Amino acid sequence: MGCNEPYSVDITKDYSIPIHAEARGIPYVEFEIRQDLIGLPSGQKAWANRLDGVIREAYAGFMSSQP
């Protein structure tokens, strides 16, 4: 595994994604953020602000594609 490469998801080693998302047919995303970037409330807020719009847009896209 190298830098900035996606992790594989495996039912024998993982739980949340296979059980809560894949098994129910719902989309999912997993983020890994360095702890030194979210160790302080200011960093947590900055990352929340960065991800907020992207996640909302992705969710809206998913919902609009549902029958």
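So that you can scan it fast, the table gives a plain yes or no per residue for (1) over 13 Å from the mean Cα position of the chain (by Cα); (2) not β-branched (Val, Ile, Thr):
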| residue | (1), (2) |
| --- | --- |
| Tyr15 | yes, yes |
| Pro18 | yes, yes |
| Ala23 | yes, yes |
| Ile26 | no, no |
| Ile38 | yes, no |
| Ala48 | no, yes |
| Ala60 | yes, yes |
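For the criterion of being assigned to a loop (DSSP other than H, G, I, E, B) and open to solvent by 60 Å² or more (accessible area, probe 1.4 Å), Ile11 passes.
Checking the structure you have, find out if any residue of the range 23-35 is within 20 Å of Phe62 (Cα to Cα) and at pLDDT 90 or above. Scanning the range 23-35, I find at least one residue that is within 20 Å of Phe62 (Cα to Cα) and at pLDDT 90 or above, so the answer is yes. Among the residues of the range 25-67, those identified as open to solvent by 100 Å² or more (accessible area, probe 1.4 Å) and part of a helix (DSSP H, G or I) are Gln35, Asp36, Lys45, Asn49, Arg50, Arg56, Glu57, Tyr59.
Check off (1) open to solvent by less than 60 Å² (accessible area, probe 1.4 Å); (2) of a type outside the set (S, T, N, Q); (3) in contact (Cβ under 8 Å) with a residue 12 or more places away in the chain; (4) in a loop (DSSP other than H, G, I, E, B) for Ile17 and give me the number that stays unchecked. So the condition that Ile17 fails would be (4).
The values are calculated or read from the model by the stated rules, or taken from the named source; none is laboratory data. The structure displayed is predicted, hence computed values, not measured ones. Using ideal geometry, Cβ is built from the backbone for each residue, glycine included, and neighbour counts are taken over all protein chains shown. Note: areas computed on protein heavy atoms with side chains; ligands, DNA, RNA excluded. Shrake-Rupley method; radii C 1.70, N 1.55, O 1.52, S 1.80 Å.
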